[in-house]
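Below is one structure, written out as structure tokens, with a few remarks after it.
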Amino acid sequence: MTDPVKPQKSGGLSGRKRFYNILSYAALIFLALFFLFPLVFMFMSAFKSDESQLIRDLSSIKAFLPTGEMSFQNFSDVFARFNVNVGSADYRKIFFNSSFVVSIIVVIGLIVNSSFAYALARIPFWGRNALIIMIVSLIIIPFQAVAIPLMLITYQFKLANTYTGLIIPFIAHAFSIYLFYQFFIGLPKELEEAAVVDGASRFRIYWSIVLPLSGPVFATVAVSQFLGQWGNLLWPVMILQNPDLFTLPLAMQTFFGQAPRQWGDIMAFTVMATLPTLIVFLVFQRYFVRSAVSSGVKG
Amino acid sequence: MTKPTRKGAAEREDNITAWLMSTPAIVLLSVFLIIPFLMAFGLSFTNQRLIPNVNVPTQFIGLTNYGRMLEDASFVRALLNNLLFAVVVVPVQTSLSLGMALLVNQKLPGVNFFRTVYFVPVATVMVVVAVIWSLIYNSPQGLMNAFASVVTFGAVKEVAWLDNPVTAFPAIMLLSIWQGAGYQMLIFLAGLQGISIDMYEAAGIDGATPVQQFWKITLPSLRNTLILVVITTTIFAFQLFDQNWIMTKGGPQNSTLTLVMKMVQDGFQQQKIGFASAISVIFFLIVFAISLVQRRLLPEERAVK
């Protein structure tokens, strides 16, 4: 993200400007508290190993403070209670399921979607214009609109309760193709043209000239697909009954739904499920920003 | 005479390469998007079930599913809930995120920090958000109850936020805004940075106050961004599922039931694929209609930047 380019209008008197600035900071801080309090609350609660302490703290500012006994007890409880609550062997398996499914979707998706987009953007071939129109039209169809027939197909082809069933519907992604396409048509043609004259194949050009230039768009698409799929609840709800294949959102739903609720354990679970996305967010922040802004261009 | 043939060969090669690069995506899109999309329409005229009963073959039943839908009180309730969500959340979230964008667009020390903080909820997946807020809404002891009691000087106390049909949906709306506002802030920010500084300088010389500048310059310049944000939030409102599914399962008394939840309940839990497909069709038509509005309002080049 670039720095804000538009300077604030300085209104004649410096006293008035200072007043505006103080007001701005008050608003900024108030909003920061609003957006942070649930997360601080989650972290603090996750470490409170005394459940009754946790519940008592809910009624006061102590909910945000490290009060009472703070330990990793809740985290080890998550591992210990997992087969009871979720029915799966252990938490590590669930974490593996999510990581495996999401990384396959992202990696294979990047290859499949970008190569299609490259062909659309650069190679004159029979049927190209019709395909471009098709992609732009497909963007409009939300997943929810096809979920029911897709579920029928998945059960009929015995792909329910399989990794394949979790992965394969999400690899090709019309909006990702569109993003890649937009990026590729914006690249300067000269480099590729020189290679064409030298007799390089289109594959080689794509692989050794275009890919190295396309880091930003790959990162943007990867980040937005990662975030979307890491949180995907709807599809696993519809096709998974075998707890050994549960992904994090579905396991969390099950863990959360078990009575009696152990809030300390539940919060430890949410912390463990959130840390990967938070870390990815902090490391790849500008790509998150770009993915948000580019989906803003969608329409 | 060699030239044309070489050109022809290159063209043929291009065709082959292009189709090789396109085929995986085209096949996957066909099987997992286009075909199911068309199937939704076809299935909506049948009584297809998820696990077909051998003795009761699937039949064409015309518009029966659509007729049943209108008589189904919980479907109508779900549709109204999605509308209500859109009517409340769209204006609130849009104005909040615009305000946030204006705040962090100022040249003040530390605004980058605040921008990051406002965006953190977006990086938290909705299932996690729903679980955290369930504890915030816990009753009788809970953060929301403590807060409500303080701001109303004790008038409001021990509300079971998620078990009360009056408060459950607004409670879900609040956390949805919490999670989504940062995302739209960024879209507004991109729009704001596209406005030329000259316009503000000219207005400053003419003695326009910041408030006048907002109404006369900022808002009109953000027209396309605003349309976009409003439209996408409205579409999100109709896709509502995760938070309601985790927190209330649509209850109490269907007060938080949504179209997508209804689809899952009827199509998956009750296995009525035909009926759920009819709901999918209605859902798609709504989203499609909203997108058409957007295409009418936005200029042809679709560029918002």
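Of the residues in region B:175-189, how many are of a type in the set (V, I, T) and closer than 22 Å to B:I136 by Cβ?
Qualifying residue count for the region: 1.
Output the helices (runs of 4 or more DSSP H) that fall wholly within region A:46-123 and possess 3 or more residues being under 30 Å from A:Q182 (Cβ atoms) and facing chain B (nearest Cβ under 9 Å), or say none.
Result: A:91-122.
Determine whether A:T247 is crowded, with 24+ Cβ neighbours inside 10 Å, of a type in the set (S, T, Y) and closer than 14 Å to A:G109 by Cβ.
Judged against the criteria, A:T247 is not a match.
Evaluate region B:97-110: report whether one residue or more is polar (S, T, N, Q), in a loop (DSSP other than H, G, I, E, B) and touching a Lys or Arg at 6+ places or on another chain (Cβ under 7 Å). Break it down stepwise before answering.
Keep residues of region B:97-110 that are polar (S, T, N, Q), which gives B:97, B:105-106.
The next check asks that each one be in a loop (DSSP other than H, G, I, E, B); those that pass are B:105-106.
If we keep only those that are touching a Lys or Arg at 6+ places or on another chain (Cβ under 7 Å) too, we end up with B:105.
Yes, there is a match, as at least one residue in region B:97-110 is polar (S, T, N, Q), in a loop (DSSP other than H, G, I, E, B) and touching a Lys or Arg at 6+ places or on another chain (Cβ under 7 Å).
With the condition kept exactly as written, say whether any residue in region A:14-25 is at pLDDT 90 or above and loosely packed, with under 12 Cβ neighbours inside 10 Å.
Yes, region A:14-25 contains at least one residue that is at pLDDT 90 or above and loosely packed, with under 12 Cβ neighbours inside 10 Å.
Can you tell me which residue is nearest to the other protein chains (Cβ to nearest Cβ) among those in region B:167-195 that are within 15 Å of the chain's Cα centre (by Cα) and among the β-branched types (V, I, T)?
By that ranking, first place goes to B:I187.
Just for region B:118-139: of the residues that are under 19 Å from the mean Cα position of the chain (by Cα) and part of a loop (DSSP other than H, G, I, E, B), which one is farthest from A:D57 (Cα to Cα)?
B:V125
Quick one: is B:A78 within 11 Å of chain A (Cβ to nearest Cβ), touching a helix residue (DSSP H, G or I) at 6+ places or on another chain (Cβ under 8 Å) and not β-branched (V, I, T)?
Considered against the rule, which asks whether it is within 11 Å of chain A (Cβ to nearest Cβ), touching a helix residue (DSSP H, G or I) at 6+ places or on another chain (Cβ under 8 Å) and not β-branched (V, I, T), B:A78 comes out as no.
Would you mind stating whether A:G231 is under 16 Å from the mean Cα position of the chain (by Cα) and either away from every other protein chain (no Cβ under 14 Å) or small (G, A, S) (or both)?
It is true that A:G231 is under 16 Å from the mean Cα position of the chain (by Cα) and either away from every other protein chain (no Cβ under 14 Å) or small (G, A, S) (or both).
Could you list, in sequence order, the residues of region B:90-117 that are under 19 Å from the mean Cα position of the chain (by Cα) and either without any contact (Cβ under 8 Å) to a residue 60 or more places away in the chain or within 10 Å of chain A (Cβ to nearest Cβ) (or both)?
Those that are under 19 Å from the mean Cα position of the chain (by Cα) and either without any contact (Cβ under 8 Å) to a residue 60 or more places away in the chain or within 10 Å of chain A (Cβ to nearest Cβ) (or both): B:P91, B:S95, B:L96.
Please name all residue pairs, on different chains or six or more residues apart, with Cβ atoms under 8 Å, provided the first residue is in region B:207-219 and is surrounded by 15 or more Cβ atoms within 10 Å (Cβ to Cβ) and the second residue is assigned to a loop (DSSP other than H, G, I, E, B) and not hydrophobic (A, V, I, L, M, F, W, C).
Partner pairs satisfying both residue conditions: B:P210/A:K9; B:P210/A:G11; B:Q213/A:K9.
Listed here are the residues, each with its yes/no results for (1) under 23 Å from the mean Cα position of the chain (by Cα); (2) part of a helix (DSSP H, G or I).
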| position | (1), (2) |
| --- | --- |
| B:A202 | no, yes |
| B:I231 | yes, yes |
| B:F236 | yes, yes |
| B:L240 | yes, no |
| B:Q243 | yes, yes |
| B:I246 | yes, yes |
| B:N254 | yes, no |
| B:V281 | yes, yes |
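Would you be able to say whether some residue in region B:34-51 is part of a helix (DSSP H, G or I), surrounded by 13 or more Cβ atoms within 10 Å (Cβ to Cβ), on the phi < 0 side of the Ramachandran plot and more than 14 Å from chain A (Cβ to nearest Cβ)?
Within region B:34-51, not a single residue is part of a helix (DSSP H, G or I), surrounded by 13 or more Cβ atoms within 10 Å (Cβ to Cβ), on the phi < 0 side of the Ramachandran plot and more than 14 Å from chain A (Cβ to nearest Cβ).
The values are calculated or read from the model by the stated rules, or taken from the named source; none is laboratory data. Predicted, not measured: the structure shown is a model, and the values here were computed from it. With ideal geometry, Cβ positions are generated from the backbone for all residues, glycine too; neighbour counts draw on all protein chains shown.
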